[in-house]
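The values are calculated or read from the model by the stated rules, or taken from the named source; none is laboratory data. What you see is a predicted model, and the numbers here were worked out from it, not measured in a lab. Here Cβ is always computed from backbone atoms with ideal geometry, including for glycine, and neighbour counts include all displayed protein chains.
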C-alpha cells in the first residue's frame, strides 16, 4: 500500500448521499464521525490499496442503542469509473489495543461502492432483507473497516476511486490500516496506526467513515383507549386514537383518562366521547365501545335478519345481541329479504331435508320446523304402535279390551323381559324400556278404570 498525501480532485461532484435501504426508526438517529468533511472539495483520496487490505476508523456511540447503518465516502480522481464491488465491511469491537481490534461484531459482505457519494449500507445481506442492527452502549468505541477486493491506483492517469480523508488534522488513535508493509518499514501484514507520522503509511487526516446509531427516544407512560397504561413507551408509539402520553413518567404516577366512545340512542342518534357509565346509567342509551366514534357509523340503523328469518331495523350492536346478521348501516327491512331458516319437510310420510317453510307447504308438504332434520328418528314416519290392530285404550289395558283386570296382569307377566316393539307398546306400562314387576304394580293400580283420554305413555310417545 502506498500513501497519497495530498492533491485536488480531477472532478468535483455535487455533494450527495446514496442511501441504500434506509428505514424509519422510532428513536432518534445520530451520525457519529471523526472526519470534518462538509464539501467534497475538502476531501483527499487515500490510496493505493491491494486486495485484502483494509482501512477504517474508530467511532464512539453516543447512547445505549444500535448501529443501523455504515457510511463511507468514495471518490474518484478521474471521472468515469463505475461501481466497484469490494470484499467486505467489518465492524469490530474496540478491545483497547489500538490499532488491533477486538472481536468482530458484524460482517457485511460484497459492498458495492459508487463513486461520488457517501455510500450507506443498512443491511447485512445483498438481498437487503436483514437490517443491520449491532447493539452498542453509550461511550463504547467500535471500529468500522472496509476490506478491498480491487487494486486501487488513485494517482494520474488512472485516478481510480477509493476512500478519503479530511485535510485539517486528525484525531489520534482513530484511524486504522490493515495492510502489507514490508520490513524494515513495517512488519508485513499487520494492523497499523494510520496517523503515525514517522512511517511511510502516514496520512494527515481523519478517514471518511461514519456510522448511524439509533438511540432510544424519550419514553414515558402511555394510556390507551381502554385506560390501560404501559411504561417505557416512546411518544411516536403512543399516537393511537384516544391514546395519552405522559413523557418521562411512570404508570404508577399518572391517572389515565376514563375511556370514552360513541353513545347511541338506538334510533340513529349519536353522541361523541361519552363514558360508558354516563351513556348507559344517565342517558339510558347504548354504549358503542371504548374508542368508537360517531363518524364510523356505529350508531346508524340498519336491517337485522334474525336466525328465524324475521327482520328488525336496529343498530349493529343490538343486532349482535339478538344473534342476528346486520345487513349494513342505512339498509331497511322494507327492502331487505332476509334468508329464511330451513328444516325437515314431510311429503306423504317421506322426509325431505333442508327446506324453507314456503317451499315445503308450496309443494303440499308439512314443515316440521326451523332447524329440524330427517333424523333419526324420522319425524315423518308413522309411529309403529299407532298401526296396531288392537291398541291399548288406557293405562294398564294390556289386552286392549277397554278394561283393566287381573287378566292384564297375566299378560304383563307373560312378556317379562321381552324387547320386541309390539310387546313394549302394550306391556311396558311405565315406559322404561323393559317389561318387569313394576309394570304389574301399575296394572293393579289401574284396576277397574279405563279412561280413553289417558293413553298408555309408550304408545302415546311413539
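Can you say whether residue 394 is modelled with pLDDT under 75 and over 30 Å from residue 310 (Cβ atoms), as far as the supplied structure shows? So residue 394 fails the test.
Among the listed residues 304, 351, 319, identify the single one that is assigned to a strand (DSSP E or B), under 32 Å from the mean Cα position of the chain (by Cα) and over 29 Å from residue 230 (Cβ atoms). Break it down into steps so the answer makes sense when it comes.
Numbers: 351 fails: under 32 Å from the mean Cα position of the chain (by Cα); 319 fails: assigned to a strand (DSSP E or B).
Among 304, 351, 319, only 304 is assigned to a strand (DSSP E or B), under 32 Å from the mean Cα position of the chain (by Cα) and over 29 Å from residue 230 (Cβ atoms).
Any residue that is at pLDDT below 95, in contact with a strand residue (DSSP E or B) (Cβ under 6 Å, 6 or more places away or on another chain) and either assigned to a loop (DSSP other than H, G, I, E, B) or more than 24 Å from residue 233 (Cα to Cα) (or both) - is there at least one of those in segment 269-282? Checked against the condition, which is being at pLDDT below 95, in contact with a strand residue (DSSP E or B) (Cβ under 6 Å, 6 or more places away or on another chain) and either assigned to a loop (DSSP other than H, G, I, E, B) or more than 24 Å from residue 233 (Cα to Cα) (or both), segment 269-282 yields no hits at all. Quickly run through segment 155-171 and pick out the residues that are at pLDDT 95 or above, in a loop (DSSP other than H, G, I, E, B) and in contact with a strand residue (DSSP E or B) (Cβ under 8 Å, 6 or more places away or on another chain). Result: 161, 166, 170. For residue 200, are the conditions met, namely being in a helix (DSSP H, G or I) and either in contact (Cβ under 8 Å) with a residue 24 or more places away in the chain or buried (at least 16 other Cβ atoms within 10 Å of the Cβ) (or both)? Answer is no for this residue.
Annotation note: of 230, 255, the sole residue that is part of a loop (DSSP other than H, G, I, E, B) and farther than 27 Å from residue 326 by Cβ is 255.
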